[in-house]
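Peer 1: Sharing a structure with you now.
The values are calculated or read from the model by the stated rules, or taken from the named source; none is laboratory data. Because the structure is predicted, anything quoted here is derived from the model rather than measured. All Cβ positions, even for glycine, are placed from backbone atoms using ideal geometry, and neighbour counts span all protein chains on display. The protein model used for the area step is the full one, side chains on, heavy atoms only, and it has no ligands, DNA or RNA in it. Shrake-Rupley method; radii C 1.70, N 1.55, O 1.52, S 1.80 Å.
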Amino acid sequence: MSQGSRPGPPLWLLAELTYRCPLHCVFCYNPVDFAKHEGELSTDDWLRVLREAREQGSVQCGFSGGEPMLRDDLEVLVAEAHRLGYYTNLLTSGVGLTEARIAALKQAGLDHIQLSFQDSTREVNDFLSHTRTFELKEKVAAMIKAHGYPMVMNIVIHRLNIDHMDRIIGMADELGAEYLELANSQYYSWAQLNRDHLLPTREQIERAEAVTATWREKLDGRMRIFFVVPDYHESRPKRCMNGWGNVFLTVTPDGTALPCHTARMLPGLDFPNVRNMNVHDIWYESEGFNRYRGTGWMKEPCASCDEKEKDLGGCRCQAYMLTQDPAAADPVCAKSPHHHVIADAVARAEQCGEQREHPLVFRGPAESRRLTRETTD
């Protein structure tokens, strides 16, 4: 998008209904300070957001969290989204998805359910989520199939489970998955806190890719497998969220509207709230959505780079976390003067026997409050 041109519509609405969650995953993308963001939007607020976003051209709506099943009004919201013409997607851990509720969601018009696992065995799955949920997830997977939904499975991949790739894909096949997303952890929020425990080595990534390729050939199209490589093992950044304020509109549980689910961390930005601004003005007029649109905000080396229209400077949150400057070139890029930060992290990951400074931090309200106090004291 050139400077001054009008952006396209917010095609993809991500409705983060709640930060409440029964799981305590060490790689969760919810903000580390989520416990201080209280006061969830009401049902009426969410219904208005759905209508306003649809009027602005949104066509796909994802209901996520936390765990969206903890909202008692989920079926009401799905029904309204269906009535408005959205393609609807539920992103769930499976906790709370009973026979009665999946039947009600089917009746409401839900199009798609994405079920998350943490690993292929009960021991590792339950350790990573700090819960006993593996057997429940297996039952929910069967329930999803029984109600006529495609089995769409998501597993976040990292150092603690990447060597189980063969068993993970085998489990997905046994459960009848038609789609499997092997999403290597991106290092934001809780995953950033635990990065030294989670970042795999380059050799592990290559082995996992080879195993995935073997399974693709073996399955012969029976399952579509998506393997998302972590940024840290690349030399060029990805176009974050397909470009800042380009396609994705995230609305958080308290109503804050964001160009991506982690953008609230960025300093010096006033992000609007759907309680006091409509979706049209949020998308087209707000400073929060316009700050890093297109390429006009860039400084060197991005400003003169012949690839800037391809990657749009990479991720603003990653740039801020690693350089303390949200307008810096994404350090993933080999052209960035801060690329050594990425290289150093990867080098530490290669030292498998190193003594890590901090233990794993499991996501939870108590930890969120503690970490918030530590950063504000």
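Peer 1: If you take the beta carbon distance between His280 and Asp220 as r and set R0 to 45 Å, what does 1/(1 + (r/R0)^6) give as a FRET efficiency, to the nearest 0.05?
Peer 2: Numbers: r = 47 Å, r/R0 = 1.05.
For R0 = 45 Å, the calculated efficiency reads 0.45.
Peer 1: What FRET efficiency comes out for the pair Asp173/Asp196, r = Cβ-Cβ distance, R0 = 56 Å, nearest 0.05? Display every interim value, and only then the final one.
Peer 2: Working: r = 32 Å, r/R0 = 0.58.
For Asp173 and Asp196, the calculated efficiency is 0.95.
Peer 1: With a 1.4 Å probe and all protein chains left in place, how much of the accessible area of the chain comes from carbon and sulfur atoms, in whole percent?
Peer 2: Numbers: 8200 of 16100 Å².
In the chain, the share of accessible area belonging to carbon and sulfur is 51 percent.
Peer 1: Two decimals is fine: what's Rg over Rh for the range 260-320, C-alpha atoms, Kirkwood radius as Rh? Write down the numbers at each step before the final one.
Peer 2: Details: Rg = 13.1 Å, Rh = 12.9 Å.
My calculation puts Rg/Rh at 1.01.
Peer 1: Express the Stokes-Einstein translational diffusion coefficient of the range 75-196 in µm² s⁻¹, to the nearest whole number, given a Kirkwood radius over alpha-carbon pairs, 4 °C and a viscosity of 1.567 mPa s.
Peer 2: On the way: Rh = 15.3 Å.
Using the Kirkwood radius from Cα pairs, D works out to 85 µm²/s.
Peer 1: Seen from all sides and averaged, what is the projected area of the convex hull of the Cα atoms in the range 102-165, in nm²?
Peer 2: Numbers: hull surface 18.5 nm².
The directionally averaged projection comes out at 4.6 nm².
Peer 1: With each label point set 7 Å from Cα along the Cα-Cβ vector, what nm distance links Ala345 and Arg20?
Peer 2: Result for the modelled spin labels: 3.3 nm.
Peer 1: The range 280-377: D in µm²/s via Stokes-Einstein (Kirkwood Rh, Cα pairs, 20 °C, 1.002 mPa s)?
Peer 2: Numbers: Rh = 16.3 Å.
Answer from the Stokes-Einstein relation: 131 µm²/s.
Peer 1: Rolling a 1.4 angstrom probe over the protein chains, ignoring ligands and nucleic acids, what is the accessible area of Tyr87 in square angstrom, nearest 10?
Peer 2: In the full protein context, Tyr87 sits at about 100 Å².
Peer 1: Give the span of the range 151-241's Cα atoms along each principal axis, as three whole-Å numbers ordered largest to smallest.
Peer 2: Extents along the principal axes, in whole Å: 35, 27, 24.
Peer 1: How many lysine pairs are close in the range 14-149, with Cα atoms under 27 Å apart and the two 8 or more places apart or on different chains?
Peer 2: Values: Lys106/Lys137; Lys106/Lys139; Lys106/Lys145; Lys137/Lys145.
Summing the qualifying lysine pairs gives 4.
Peer 1: Give the value in nm², to one decimal: projected area of the alpha carbon convex hull of the range 1-134, averaged over all directions.
Peer 2: On the way: hull surface 40.3 nm².
If I average the Cα hull's projected area over directions, I get 10.1 nm².
Peer 1: Could you tell me the extents of the chain's C-alpha atoms along the three principal axes, largest first, rounded to whole Å?
Peer 2: Extents along the principal axes, in whole Å: 54, 52, 47.
Peer 1: Place +1 on the Cβ of every Lys and Arg and -1 on the Cβ of every Asp and Glu in the range 189-232, take the dipole about the Cα centre, and give the residue among Val211, Asn194, Met223 whose Cα lies farthest towards its positive end.
Peer 2: Met223
Peer 1: Counting heavy atoms of the protein chains only and a 1.4 Å probe, report the per residue accessible area for the chain as a whole number of Å². Walk me through the numbers on the way to the answer.
Peer 2: Values: 16100 Å² over 377 residues.
Spelled out: the 1.4 Å probe surface of the chain, per residue, equals 43 Å².
Peer 1: So what's the back-of-envelope 222 nm ellipticity for the chain, counting only DSSP H runs of four-plus at -39500 (n - 2.57) apiece and dividing by all residues, rounded to 500? Before the final figure, lay out the partial values.
Peer 2: On the way: 15 runs with 138 residues, N = 377.
My calculation for the chain gives -10500 deg cm²/dmol from helical runs alone.
Peer 1: What's the Kirkwood radius of the range 1-69 in Å, using all Cα pairs? Each step should come with its number before you reach the end.
Peer 2: Numbers: mean 1/r = 0.0708 Å⁻¹.
With all distinct Cα pairs of the range 1-69 included, I get 14.1 Å.
Peer 1: Give me the net charge for the shell around Pro259: Cβ to Cβ below 12 angstrom, other residues only, Lys and Arg +1, Asp and Glu -1. All intermediate terms of the calculation are to be shown ahead of the outcome.
Peer 2: Details: positive: Arg264, Arg291, Arg293, Arg316; negative: Glu287.
It works out to a net charge of +3.
Peer 1: If you average over every viewing direction, what projected area does the convex hull of the Cα atoms of the range 201-304 give, in nm²?
Peer 2: Values: hull surface 40.4 nm².
The number I arrive at for the range 201-304 is 10.1 nm².
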